[in-house]
Amino acid sequence: MIVAPSLLASNFLHLEAEARMLNESEADWFHLDVMDGRFVNNISFGLPIIQQLRKTTQKLFDVHLMIEEPEKYTEAFARAGADILTVHYEACRHLHRNIQQIRDLGMIPGVAINPHTPVQLLQDILPDIGLVLVMSVNPGFGGQSFIPHTYQKVKTLRQRIDQFGLDVKIEIDGGVDLSNAKQLSEAGAHVLVAGSAVFHAPDPRQVISSLKHCDA
């Protein structure tokens, strides 16, 4: 299991220390949520924060854009150090073009879907991407409760990916913790994004380790 702690839940006053903790843990990726106040009713952080965090680690940067018109900023996120750049199906009028742009800039393209969006809508784009991010809460705010229907969405998505022999990872974001990690793994998820479960825990490193080995 790949574990991608979400810095949205970290202590912004001590970002360097939080990054150091992740570097010393079994975390695989840094998950970075970018919100614009338009696609979602919240504003998080942007390019300057990502540029500074990039200096603290060699771990993969998994950047999740919850923004309108992501094509305007794709090149800037590549320069800031994004390794994976995920855009929302619901925010892209020309999704295939957006995906091509991300890949041409040397990043792995991902597509995120909101809880109400059927996985079947991704069928024609699956061969062109490296990751599907399944939102298991409504996007915009951390600390929400996990939506149980996510399990079935993951199973359906995994079946389609395997049916066509594609190398596409399934990532789950929202309400992920030790109570649902194993079931998500069994449903077919490859990547767990955890925010509050990690950064608000007494021992974040132990939580990361338990999530990583949840399928053991």
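The values are calculated or read from the model by the stated rules, or taken from the named source; none is laboratory data. Everything quoted here is computed from the prediction, not taken from an experiment. Heads up, the Cβs are rebuilt from the backbone with ideal geometry, glycines too, and the neighbour counts pull from every protein chain shown. SASA here: full protein model, heavy atoms, side chains in, ligands and nucleic acids out. Shrake-Rupley method; radii C 1.70, N 1.55, O 1.52, S 1.80 Å.
Before moving on, here are some points about what is shown:
- Inclusion of Val191 among residues that are surrounded by 19 or more Cβ atoms within 10 Å (Cβ to Cβ), touching a Lys or Arg at 6+ places or on another chain (Cβ under 9 Å), modelled with pLDDT of 95 or more and under 21 Å from Glu68 (Cα atoms) is not warranted.
- The set of residues in segment 16-42 that are part of a helix (DSSP H, G or I) and either touching a strand residue (DSSP E or B) at 6+ places or on another chain (Cβ under 9 Å) or touching a residue at least 40 places away in the same chain (Cβ under 8 Å) (or both) comprises Glu16, Glu18, Ala19, Met21, Leu22, Glu24.
For (1) under 15 Å from Asp36 (Cα atoms); (2) hydroxyl-bearing (Ser, Thr, Tyr); (3) surrounded by 17 or more Cβ atoms within 10 Å (Cβ to Cβ), each residue gets a yes or a no:
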{"position": "Pro70", "(1), (2), (3)": "yes, no, yes"}
{"position": "Tyr73", "(1), (2), (3)": "yes, yes, yes"}
{"position": "Arg79", "(1), (2), (3)": "no, no, no"}
{"position": "Arg93", "(1), (2), (3)": "no, no, no"}
{"position": "Ile99", "(1), (2), (3)": "no, no, yes"}
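- Per the listing Asp167, Asp162, Asp215, the residue uniquely over 22 Å from Pro109 (Cα atoms) and among the acidic types (Asp, Glu) is Asp215.
- Residues located in segment 26-43, provided they are open to solvent by 20 Å² or more (accessible area, probe 1.4 Å) and of a type outside the set (Lys, Arg): Glu26, Asp28, Trp29, Asp36, Gly37, Phe39, Asn41, Asn42, Ile43
- Enumeration of residues in segment 175-194 that are of a type in the set (D, E, K, R) and within 18 Å of Gln159 (Cβ to Cβ): Glu186
- Condition check for Gln183: touching a Ser or Thr at 6+ places or on another chain (Cβ under 9 Å), without any contact (Cβ under 8 Å) to a residue 60 or more places away in the chain and either farther than 23 Å from Leu8 by Cα or open to solvent by less than 10 Å² (accessible area, probe 1.4 Å) (or both): no
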